[in-house]
1. Between the range 105-182 and the range 1-65, how far is it from one alpha carbon centroid to the other, in angstrom?
2. Let me make sure I get this right: for the range 122-166, a, b and c are the square roots of the gyration tensor eigenvalues over alpha carbons, sorted descending. Under 1.5 in a/c it's rounded, otherwise prolate if a/b > b/c, else oblate. Which is it?
3. So what is the accessible area of the chain per residue, in Å², with the probe set to 1.4 Å?
4. Accessible surface of Leu130 in the full protein assembly, 1.4 angstrom probe, to the nearest 10 Å²?
5. Residues of the range 178-196 with amide nitrogen under 14 Å from the 7 Å Cα-to-Cβ point of Arg163?
6. Quickly estimate the mean residue ellipticity at 222 nm for the chain, helices only: each DSSP H run with n ≥ 4 gives -39500 (n - 2.57), and the total goes over all residues, rounded to 500.
7. Please report, to two decimal places, log10 I(q)/I(0) for the range 9-105 at q = 0.16, 0.19, 0.22 Å⁻¹ as given by the Debye formula with identical point scatterers on the Cα atoms and no solvent.
8. What percent do you get for the relative contact order of the range 1-76 when only Cα pairs under 8 Å and 6+ apart count?
Amino acid sequence: MSRQPRTQNVTTDAGEARITWIASPAPRLVLAVSHGAGGGIEARDLKALAAALPGHGVTVALVEQPWRVAGKKVAPAPKTLDTGWRGLWPALAAPGLPVVSGGRSAGARVACRTATELGAAAVLALSFPLHPPGKPEKSRADELLGAGVPTLVVQGGNDPFGRPDEFPPGPYALAEVPHGDHGFAVPKRSGVTEEQTMRVLTDAVAGWIASLG
């Protein structure tokens, strides 16, 4: 069964955002995922989730923040990202299904910061930027630990923004993508293909979503 994506523009206090909906034929929840500060919804992990999860009863909503829709190259301050996400939430919740709030990198931080306030069912944090590269003392762990809802972190084994073994104990699950960098790219010498890497990621997310009940 083919699933034609549907786009929806949403006006927020931070500007006009856009949702690309990839519907499940039998949805039981919505996974809303946003991009990072340096890219869009064409990121390999977001594309892989959009392809794999509708078959598992998950409607995927790929969210483009207003700055990205406006064609800007640099993301605004975290507070503005949060404003955009809040403005999108009514549209994401409109299908009447539980919404898992997610994103990659900066988008993961937004999801963690706003989850409790917005009533998210859970948080999916892809490539959570635990700290700036080479600056482990500048930890953002408090955002992750404060999400307040069931949370899954999917992290590349070689992510310079925080390797899996750098993450503190806490009330969240963590799945490692071996050899992956911040964008889940893997070096050729690893002997692992991108297809295999994305299967690790999508299987981890699908299994975790199934466990949410």
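1. 20 Å
2. Because a/c hits 1.5 or more and a/b fails to exceed b/c, the range 122-166 counts as oblate.
3. 45 Å²
4. Number for this one is 10 Å².
5. Correct set: 178-182.
6. -9000 deg cm²/dmol
7. Once normalised to I(0) and log-transformed, intensities are -0.61, -0.85, -1.10.
8. Details: 143 pairs, mean separation 27.5, N = 76.
Relative contact order of the range 1-76: 36 percent.
The values are calculated or read from the model by the stated rules, or taken from the named source; none is laboratory data. A quick note: this is a predicted structure, and the numbers were derived from the prediction, not measured. Here the Cβ is made from the backbone with ideal geometry for all residues, glycine too, and neighbour counts use every protein chain on show. Just so you know, the surface numbers come from the protein's heavy atoms only, side chains and all, with ligands and any DNA or RNA stripped out. Shrake-Rupley method; radii C 1.70, N 1.55, O 1.52, S 1.80 Å.
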